[in-house]
Amino acid sequence: MFTVNAYAATSATEPLVPTTIERRSVGPHDVLIEIRYAGICHSDIHTARSEWGETTYPLVPGHEIAGIVTEVGSRVTRHAVGDRVGVGCMVDSCGECVNCRNGEEQFCVKGSTMTYGSVGKDGQPTQGGYSTHVVVTEDFVLKIPDGLDLDVAAPLLCAGITTYSPLRHWGAGPGKKVAVVGLGGLGHMAVKIAHAMGAEVTVLSQSLKKQEDGLRLGADHYHATSDPATFEKLAGTFDLIVNTVSAKIDLDAYLSLLAVGGAMVNVGAPADPLSLNVFSLIFGRRSFAGSLIGGIRETQEMLDFCAEHHLGAEIEVIPAQKINEAYERVLASDVRYRFVIDTATLS
Ligand SMILES: [Zn+2]
Ligand SMILES: [Zn+2]
């Protein structure tokens with residue numbers, strides 16, 4: 001074990017504070033990563049504040065990690081010292097169940113080990129990327145292609161794969177009309193990726209406040225959902241709607257925007273159950289679905305795709321000392337579009 005600097009939540013109500021944590025020694029299949037950047041995801045805030053079940057404290061959040069390999073275990077074959085690498089929401093899984101064998105470790109039957117807030121194979125709580133170093137089993141370490149800078153690559157490890165996976169699964173591409181609901185951390189990546197895949201992209205946002213950004217990021221159209229005329233105008237239009245908003249919305253109104261056979265996929269999750277009128281699905285053979293990040297193989301595919309199309313996240317780099325301030329700004333939707341912690345400020 002060795003000690004590293006980190007920022008941790010110590011309770012649901014206190015601000016995060018600088019601290020030190022123990023990382024496990026590098027085992028035969030492990031990679032030691034010097035973290036350079038860590039994105040701030042909305043999930044970090046939910047978990048730090050015990051809003052998704054009871055959190056064990058202290059908790060070091062962060063599952064959008066980009067850095068450099070500084071040591072590898074004796075049996076490691078996939079990575080070498082000096083490699084540019086990333087770690088996303090998972091750091092381990094059983095490796096044997098049907099879903100793991102299919103490369104969908106996020107659906108591991110035994111439950112995948114999350115980057116923070118889980119218990120690792122060593123019996124210790126996992127701690128995330130608001131830290132200077134992390135030790136991860138090689139199979140869960142991604143390669144960041146040279147075409148992507150580490151700071152703009154970090155948010156791809158959660159926001160990127162969370163939107164890439166449903167866009168791929170539901171066939172976004174030329175001739176397809178894709179709507180993205182909400183232009184935040186997830187939404188801005190959904191727009192960039194769907195556009196790069198060749199789809200015709202529409203942003204559905206509460207207001208037209210971010211219209212200029214949306215069009216610059218690759219959207220073809222931009223509509224305000226606060227205007228009832230939007231729902232009349234766009235009825236029956238979309239093959240796919242990716243909903244990135246975790247607030248409660250009028251599902252029937254959004255489902256009415258789908259073409260026959262269209263799907264609305266949720267990647268944001270409101271805390272309370274939602275209701276919908278099943279006729280909204282029956283008339284039009286529509287689907288209402290969800291999607292969770294992506295497997296390791298698909299995450300690598302996403303990073304390679306983003307490098308090829310020069311797609312990084314739009315970021316604001318902050319020192320660790322501004323994490324608490326950044327949390328308040330995320331909650332106020334005052335970020336364009338992802339905060340990324342420069343972990344050099346932790347040492
Ligand atoms: Zn996340
Ligand atoms: Zn499994």
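When F279 is tested against (1) surrounded by 14 or more Cβ atoms within 10 Å (Cβ to Cβ); (2) of a type outside the set (A, V, I, L, M); (3) over 26 Å from A196 (Cβ atoms), only condition (1) is not met.
Is it the case that G129 is touching a residue at least 60 places away in the same chain (Cβ under 8 Å) and more than 16 Å from ligand 1 (Cβ to nearest atom)?
Details: touching a residue at least 60 places away in the same chain (Cβ under 8 Å): yes; more than 16 Å from ligand 1 (Cβ to nearest atom): no.
Spelling it out, it is not the case that G129 is touching a residue at least 60 places away in the same chain (Cβ under 8 Å) and more than 16 Å from ligand 1 (Cβ to nearest atom).
Just wondering, is there one or more residues in the stretch 74-88 that are touching a Ser or Thr at 6+ places or on another chain (Cβ under 7 Å) and within 14 Å of ligand 1 (Cβ to nearest atom)?
Here is the first cut: in the stretch 74-88, the residues touching a Ser or Thr at 6+ places or on another chain (Cβ under 7 Å) are 81, 87-88.
Checking which are within 14 Å of ligand 1 (Cβ to nearest atom) leaves us with 87-88.
Yes, there is a match, as at least one residue in the stretch 74-88 is touching a Ser or Thr at 6+ places or on another chain (Cβ under 7 Å) and within 14 Å of ligand 1 (Cβ to nearest atom).
Quick check: anything in the stretch 103-114 within 16 Å of the chain's Cα centre (by Cα), under 28 Å from T225 (Cβ atoms) and either assigned to a helix (DSSP H, G or I) or not acidic (D, E) (or both)? The answer is no; no qualifying residue exists. Within the stretch 248-255, not a single residue is touching a residue at least 12 places away in the same chain (Cβ under 8 Å) and at positive phi.
Kindly indicate whether G103 is on the phi > 0 side of the Ramachandran plot, within 16 Å of ligand 1 (Cβ to nearest atom) and touching a residue at least 40 places away in the same chain (Cβ under 8 Å). So G103 does not fit the description; no. Taking I33 as the residue in question, decide whether it is of a type outside the set (S, T, N, Q), crowded, with 22+ Cβ neighbours inside 10 Å, more than 16 Å from ligand 1 (Cβ to nearest atom) and touching a residue at least 24 places away in the same chain (Cβ under 8 Å). Taking the combined requirement at face value, the residue satisfies it. Need pairs with beta-carbon distance below 8 Å; first residue assigned to a strand (DSSP E or B) and within the stretch 69-98, second basic (K, R) and within 16 Å of ligand 2 (Cβ to nearest atom); sequence gap 6+ or separate chains. Listed by first residue and then by second, the contacts come to D92/K121. Looking at G187, is it more than 24 Å from S43 (Cβ to Cβ) and either in contact with a Ser or Thr (Cβ under 8 Å, 6 or more places away or on another chain) or not aromatic (F, W, Y) (or both)? Answer is no for this residue.
In the set (1) within 24 Å of S333 (Cβ to Cβ); (2) surrounded by fewer than 17 Cβ atoms within 10 Å (Cβ to Cβ), the condition left unmet by V260 is number (1). Looking for whichever is surrounded by 23 or more Cβ atoms within 10 Å (Cβ to Cβ), at pLDDT 95 or above and away from ligand 2 (no atom under 16 Å from the Cβ) here; the options are P145, P61. Which one fits? Result of the check over P145, P61: P61. The listed residues are T162, T202, and the only one of them that is touching a residue at least 40 places away in the same chain (Cβ under 8 Å) and of a type in the set (S, T, Y) turns out to be T162.
Among the residues of the stretch 115-126, the one identified as assigned to a strand (DSSP E or B) and either over 24 Å from W52 (Cα atoms) or without any contact (Cβ under 8 Å) to a residue 60 or more places away in the chain (or both) is V119. Taken over the stretch 310-332, the criterion of being in contact with a Leu (Cβ under 9 Å, 6 or more places away or on another chain) and crowded, with 19+ Cβ neighbours inside 10 Å is satisfied by L311, G312, A313, A320, I323, Y327.
Among the residues of the stretch 200-245, those that are modelled with pLDDT of 95 or more, among the aliphatic types (A, V, I, L, M) and under 21 Å from the mean Cα position of the chain (by Cα) comprise V201, V203, L204, L217, A219, L240, I241, V242. Does T163 satisfy the condition of being within 16 Å of ligand 1 (Cβ to nearest atom), out of contact with any Asp or Glu (no Cβ under 9 Å at 6 or more places or on another chain) and assigned to a helix (DSSP H, G or I)? Taking the combined requirement at face value, the residue satisfies it. Scanning the stretch 106-125 for residues that are in contact with a Cys (Cβ under 7 Å, 6 or more places away or on another chain), within 16 Å of ligand 1 (Cβ to nearest atom) and not aliphatic (A, V, I, L, M) yields one hit, T115.
The values are calculated or read from the model by the stated rules, or taken from the named source; none is laboratory data. Note that the coordinates shown come from a computational prediction; the quantities given were computed from them, not determined experimentally. Quick reminder, even Gly has a Cβ in these numbers, built from the backbone with ideal geometry, and neighbours come from all protein chains shown.
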